[in-house]
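Below is one structure, written out as structure tokens; the observations come after it.
The values are calculated or read from the model by the stated rules, or taken from the named source; none is laboratory data. In this text, all values refer to a predicted model and were calculated from it rather than measured experimentally. Heads up, the Cβs are rebuilt from the backbone with ideal geometry, glycines too, and the neighbour counts pull from every protein chain shown.
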Ligand SMILES: [Zn+2]
């Protein structure tokens, strides 16, 4: 029988669903067609597989060859099906015994010289094959790292001929996993590099502890970018499930595996597809690559409004659905947003020398660039001013290292998770009031402050979430008036309110 069935894996989001490559050889004029992939992809696969077989001194079957990849909806236009098709040809033409493919799956791209090349998304295939109890055969490059997946069995080879030899062996060699996973790499700037910015220091602490999104406004050079890149170093290590999602996303995006929270800073000229995910194969975008870490949007108002509006859904749900003509995939995107903007178009409005020539109207239009609903999801707004020259030249403060703060942040996060099973950032209206456990006197003081500042319910909740995090930092059960007053001191930067005195709201 000139027919063979080879198991392989497609790609759907972070999943690798099972696909079968059916190869049929029939008498007739020699021909080779791959059904269901479209002309150009089919022609490319044909050329690569043929050249690889001939270069490997294997016999090209002189038959009318039909290859069918099924089910069709799981098939991506991808080079990952080269190897399964080549294996199907070898089995159908009896150059490889049928028992060589039993209980085994195949994935990989073939070079014209018969070498095997690694594929993006191989990690998802390894996980899926391990769950199915199958052995996965793939390229040797990168295989030891993939072999760290629990319960997987991998056979890796540098080229097609070596793989055939390994498959025929009575007792094939499985890939040994790397002896140790890479240690957590926290190579972000240290917190101690921030000098003379007590408000910023506090904001970073709170952002890390409560998972709050952060908006910084200030002149160029006040250290907004430095502050944003400090934040991932303050976050505790990821939970195993989230870490695995991060690895899967990085693998799909062709990035190396890295432990710990990631930091992504896309430029404001990036396309929607690059940020949200897309391209022809519906691959993850920047917001998914920031999953479990920090997404930094510098010059927030320069981002097109359409892009900022699209951020609202992932900020709320922690995931994004990427739709393209043939595919619709869901990717996780639970990131912490850090945004930065200048006080005015020229960036000099905060200078006291009057060098800013922007009119109030220009400033208002500039600030409106950041959409209101997005602002509503940012709990912490800080207005930064230039640190004094003395502060910049002073010695590094003692005891303010990222590593030390990270420990306190981890404790504060534990308190939140054990109380409400989510971070304070994700607390909705009623839940936040309940979580604050306000005393009646504090409640009265809060009402007084809210009336004095004429704050909306939405912004009141925002301040309460921050106050709750302040209490969690010190391990207090109830939110006190002191916490509320500190939370109130984080001004809405875009509205440009001046600092007010809250002493009249303070409880004795
Ligand atoms: Zn200006």
Test for residue 349: is it part of a loop (DSSP other than H, G, I, E, B), more than 12 Å from the ligand (Cβ to nearest atom) and at pLDDT below 85: no
Subset of segment 36-79 (residues that are in a strand (DSSP E or B) and touching a residue at least 40 places away in the same chain (Cβ under 8 Å)): 65, 66, 67, 68, 69, 70
Helices (runs of 4 or more DSSP H) fully within segment 112-191 counting 2 or more residues that are at pLDDT 90 or above and either more than 18 Å from residue 11 (Cα to Cα) or assigned by TED's automatic domain parsing to the domain that holds residue 78 (or both): 122-132, 160-168
Residue 375 away from the ligand (no atom under 16 Å from the Cβ), in contact with a strand residue (DSSP E or B) (Cβ under 9 Å, 6 or more places away or on another chain) and touching a residue at least 40 places away in the same chain (Cβ under 8 Å): yes
Residue within segment 319-336 that is away from the ligand (no atom under 16 Å from the Cβ), free of Cβ contacts under 8 Å to residues at least 40 places away in the same chain, assigned by TED's automatic domain parsing to the domain that holds residue 271 and touching a strand residue (DSSP E or B) at 6+ places or on another chain (Cβ under 6 Å) present: yes
